[in-house]
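Nothing in this text is a laboratory measurement; each read-out follows from the coordinates by a stated rule. Small disclaimer: the values here were computed from a predicted structure and weren't measured. Neighbour counts run over all protein chains shown; Cβ positions are idealised from the backbone, glycine included.
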Number of protein chains: 2
Amino acid sequence: MSESKLHITQTVEALRAHLGPWRDAGERIALVPTMGALHEGHRALIRRARAMAPRVCVSLFVNPTQFAAHEDLGAYPRSESQDRDMLVAEGVDLLYVPELLEMYPEGDVTRITMPGMGDCLEGEHRPGFFTGVATVVSKLLIQATPHVALFGEKDFQQLQIIRRMVLDLSLPVEIEGVPTVREVDGLALSSRNVYLTDEERAAAPALYRALKSIRDHLRDADGHDGGALPEMVVREVDGLISAGFTSVDYLSVRDSATFARVDDMMSLAGRPGRILGAAQLGKARLIDNIPL
Amino acid sequence: MSESKLHITQTVEALRAHLGPWRDAGERIALVPTMGALHEGHRALIRRARAMAPRVCVSLFVNPTQFAAHEDLGAYPRSESQDRDMLVAEGVDLLYVPELLEMYPEGDVTRITMPGMGDCLEGEHRPGFFTGVATVVSKLLIQATPHVALFGEKDFQQLQIIRRMVLDLSLPVEIEGVPTVREVDGLALSSRNVYLTDEERAAAPALYRALKSIRDHLRDADGHDGGALPEMVVREVDGLISAGFTSVDYLSVRDSATFARVDDMMSLAGRPGRILGAAQLGKARLIDNIPL
């Protein structure tokens, strides 16, 4: 990596000036959008990007429109120096760190909404969240016009909403989902895990275990009755509360594309399903999901 | 124009395949989005496009998402054969006529909203209209990625909303507004004018005259009291009803950029203002506007 050199740009104009020659030379460009506070999950995104394209651009922008007024925008973890070290170590070519007015020009009103699939699960518990996500990601994709953009499966509903938006708007970019990176005890990596106390950290993997229990239950019930899913979910919610979680926003089985509710394997009729969960543990709101 | 040859494409893929070589060769591309039923106003757009770019693409798509359930989507005027004759005569290079599923893929949910400037005037009287407009125009701009796109000032609020959207989303396109083309008696050209009976057609220019009366009133009042605008507008509304209009949706003076209400010249503080009106005349809903 000794030849790697990390350029940093702050404006759309400079971003395009940097990417233009690479594109003109026929080099594929991969974009990894982040909010900083980088961890091994981001490293997996960047390595996958490196494998897919000779030029990797990482964006770092803590997007205010995806935070509700009571959420942790002001306290969102920042680790700019360590972030840069990781980007240099991974041979990232370009870091795009736009100012607020570069992403939301004065007088900005435009919002991208995803009715239906953006209103359930995370969208139900964080109203406006996916409008903020879809809006900022569309801007980043239009600004950088990469060949491929990578997002973690950890935020699975976000990933699928971005896939849908890209299809609907004819954005000329491939969306690549990268599997969730986990601690050895199963906890999904998240920038917000730093909010956990030692005790909470010990309890945190129960969310992942609950998702796996639901998956096993559904698989065992496949072809049989399978009607006990609601009771099963209630038991898992109770288990999380017993394990120390403050509250459970949802544990739910959904169609992977539309996020319609799934009651059993048969109702999926062969389409991919996903089990998703979100729960509060002390100051951290944890989310996780696994394929059915 | 004997060398002109009008190509017709129906898919995003074919559109991009056609435009790509022109762009690679450094030729500027102008896009003129239309809903067909072309008239002299469209011809003015195309001629302005021709003057700005060596390659002109016209799109023809009657966009269902900008029509409310009770509106005239099914009855919207169509004149495909005459439309093509005009495009050939004007030396247009490419006609893009996408199918519905090309613009709104199966399962489509993505919508672009413009809160505030999209909710007043036309947006108030046609709920959802500007969401439909912003959504379809963003798709066309992303699909064709022209250097310049042209829109008529006749739909002034639409023009300004598109300018705002392009700025907010960092779309790399120049938006060019083209002055309204009028009949000799002042009626703004519109595809919907064909709905007018002879009697209604004779009454129709009263809308333009009302806008000019309000402008003259405001200019005369500049620096003086000027407080009589509301009464003046009421008189003009009454005048339109007397002239045979069925109802008046609005006659209003606005800031040209934000569409905030303007009460007198001083409140604009030098910013451009616009006088806009919309009124029903028989089966036709007429809109018009002039600069202040």
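Some points to look at:
- Helix A:80-89 axis, angle to chain A major axis (alpha carbon atoms, nearest 10°): 80 degrees
- Take each residue in A:112-119, count the other chain C-beta atoms within 10 Å of its C-beta, and the mean is 4.
- Working note: Karplus 6.51/-1.76/1.60 with θ = phi - 60° gives segment A:46-56 the couplings 5, 5, 5, 4, 4, 6, 9, 8, x, 10, 10 Hz, where Gly and Pro are set to x.
- Ranking of A:Leu6, B:Leu196 by count of other Cβ atoms within 10 Å, fewest first: A:Leu6, B:Leu196
- Normalised by the number of residues in segment B:191-291, the average gap of Cα pairs under 8 Å and 6 or more apart makes the relative contact order 34 percent.
- Just so you know, the Cα atoms of segment B:191-291 work out to an Rg and Dmax of 14.1, 43 Å.
- Each copy carries a label point for A:Ala202 at 7 Å from Cα toward Cβ; from one copy, the others' points are 9.3 nm away, ordered from shortest.
- Radius 14 Å from Cβ of A:Ser213, net charge of other residues (Lys, Arg +1; Asp, Glu -1): -1
- Other protein chain Cβ atoms within 10 Å, averaged over every residue that makes up A:101-110: 5
- Inter-copy label distances at B:Arg219 (7 Å, Cα→Cβ; nm, one decimal): 7.8
- Within the protein assembly as shown, helix-based [θ] at 222 nm, where runs of 4 or more DSSP H residues each add -39,500 (n - 2.57), nearest 500: -11500 deg cm²/dmol
- Springs join every pair of Cα atoms under 10 Å in this Gaussian network model of chain A, and among A:Gly277, A:Gly239, A:Gly177 the largest mean-square fluctuation is at A:Gly239.
- At 7 Å out from Cα toward Cβ: A:Lys5 inter-copy label distances (nm, ascending): 4.7
- If you take the alpha carbon atoms of chain B and fit the smallest convex hull around them, that volume is 139 Å³ per residue.
- Across segment B:7-178, Cα pairs under 8 Å and at least six residues apart give a relative contact order of 29 percent.
- Share antiparallel - DSSP beta bridges, chain A, percent rounded to 5: 50 percent
- For segment B:161-174, backbone phi angles converted through the Karplus equation (6.51, -1.76, 1.60; θ = phi - 60°) give residue-by-residue couplings of 5, 5, 4, 5, 4, 4, 5, 5, 8, 6, 5, x, 9, 8 Hz, Gly and Pro being listed as x.
- Normalised radius of gyration (Cα atoms, divided by 2.2 N^0.38 Å) for segment A:1-73: 1.29.
- When each of B:His125, B:His7, B:His70 is scored by the number of other beta-carbon atoms lying within 10 Å, the sequence from fewest to most is B:His70, B:His7, B:His125.
- When DSSP beta bridges are restricted to pairs lying wholly in segment B:7-178, around 0% turn out antiparallel.
- Estimated dipole of the protein assembly as shown in Debye, rounded to 20 [Cβ of Lys and Arg +1, of Asp and Glu -1, Cα centre]: 1020 debye
- Ascending count of other beta-carbon atoms within 10 Å, so fewest first, for A:Lys283, A:Lys154: A:Lys283, A:Lys154
- Check: segment A:191-291 dipole with +1 on Lys, Arg Cβ and -1 on Asp, Glu Cβ, in debye: 420 debye
- Beta bridges per DSSP with both ends in the protein assembly as shown, % antiparallel, nearest 5: 50 percent
- Sparse-neighbourhood loop sites, GluC sites (Glu not before Pro) in segment A:1-90 - DSSP loop, at most 16 other Cβ within 10 angstrom: A:Glu3, A:Glu27, A:Glu71
- Relative contact order computed over chain B (Cα-Cα under 8 Å; 6+ residues apart), in percent: 17 percent
- As a ratio to 2.2 N^0.38 Å, the alpha-carbon radius of gyration for the protein assembly as shown is 1.11.
- Distribution of pairwise C-alpha distances over segment B:7-178, 5 Å bins, in %: 1, 8, 18, 22, 23, 17, 8, 3, 0, 0
- Taking one quarter of the surface of the C-alpha convex hull of segment A:131-274 gives a mean projected area of 10.3 nm².
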